[in-house]
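To keep things clear, I will list the structure first and then write my remarks on it.
Read-outs: derived from the displayed coordinates by stated rules, not from any lab. Predicted model only: the values in this text are computed from it and were never measured. As a convention, Cβ positions derive from the backbone with ideal geometry for all residues, glycine included, and neighbour counts pool all protein chains shown.
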Amino acid sequence: MLLRIDTGCGNTRAFSMNRLQGRSRWTVLRNVGLAAMLLWAPRSVQAQTVVPPPSAPASVLPRLLLPGDTLLRPLVVTGDSVRYALTMFRDADEIPVGRLVEALRADTINGVPVVRRVLKLQRGTMQLVDSTVTDARTLAPRVRRALQQNRRVLLEFNGARIKGALAPLDAPPVPFDTTLRVVPFDAGNWELLMRALPLEKGFSVRFPVYDLDGGLREYRLAVTGSTTVQGEETHVVILTLARNRESVVWVSKQTGVVLQIETMLGETTMLRQVRVLR
């Protein structure tokens, strides 16, 4: 059995567990968004490797996007706050996973405008928190701090160099220092790119991201169409995380806010993140 996701303009896309190449559904979930990263992050740092999406002839590769690219529009936020419900669908079962609150705030550091983003995930009696600082003009990451289910994380970005510390909840932190071959975006902040890019049908880019557990990766973004979600016109975006690993994202045309994300975790299992209307 395959579950199908509407990708706009009457098109659907089928997802099957055999496309995940043997990875567990939690590994896939971890790379979908920060809510999943907070819940199911693994306990150790893996090697810093490049995990590319499907290969294609150089002539048809999407444009490579780096922090500071002229395509990026400066982020403008005015104390935005959005609530989401996370639900897993497995066969005929609908399983609530938790609630996510995203808060954005404009600030300055040494005269440079930045965006502070805080996500709080409530799952039963457990609350997990992830906070980031991003350059509002270039979208270059500055800092990430996270309290996850089984560890604390600190990342400090300075161009291609990343320093930080990783610690289990009951142990001293272990510092690390790595330099990448390119300046990355923060893997958990790809939603901010949706606000900064000139999305339209047919638009596509690829961009490097840094993920503490997977190292340097390349994501791809492609706008496939448009549809209405919760009464708003939205862009339908396919976000490719790696080979045969995709999410479908619905982005408000008016505000750039992500309204919904759907990711297949198996032949009959799907994770859905939906904005909660006030």
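Counting neighbouring Cβ atoms within 10 Å and putting the fewest first, the residues L128, L241 line up as L128, L241.
When each of V143, V60, V248 is scored by the number of other beta-carbon atoms lying within 10 Å, the sequence from fewest to most is V60, V143, V248. Normalised by 2.2 N^0.38 Å, where N is the number of residues, the alpha-carbon radius of gyration of the range 83-201 equals 1.22. If R0 is 35 Å, the Cβ-Cβ spacing of T227 and R137 corresponds to a FRET efficiency of close to 0.65. Distant-in-sequence amide contacts of V143, defined by a placed amide H-H separation under 5 Å and a gap of 5 or more residues or a different chain, comprise V133, F157.
Listed from fewest to most Cβ neighbours within 10 Å, the set I95, I261 follows the order I95, I261. Residue separation of L64 and R243 scaled by 0.36 nm, minus their Cα-Cα distance, works out to 62.7 nm of gained length.
In sequence order, the range 96-104 has phi-based couplings of x, 9, x, 10, 10, 10, 10, 10, 10 Hz under the Karplus curve 6.51 cos²θ - 1.76 cosθ + 1.60, θ = phi - 60°, and Gly or Pro positions carry x. The modelled label-to-label distance between E200 and V118, using points 7 Å beyond Cα along the C-beta direction, is 3.8 nm.
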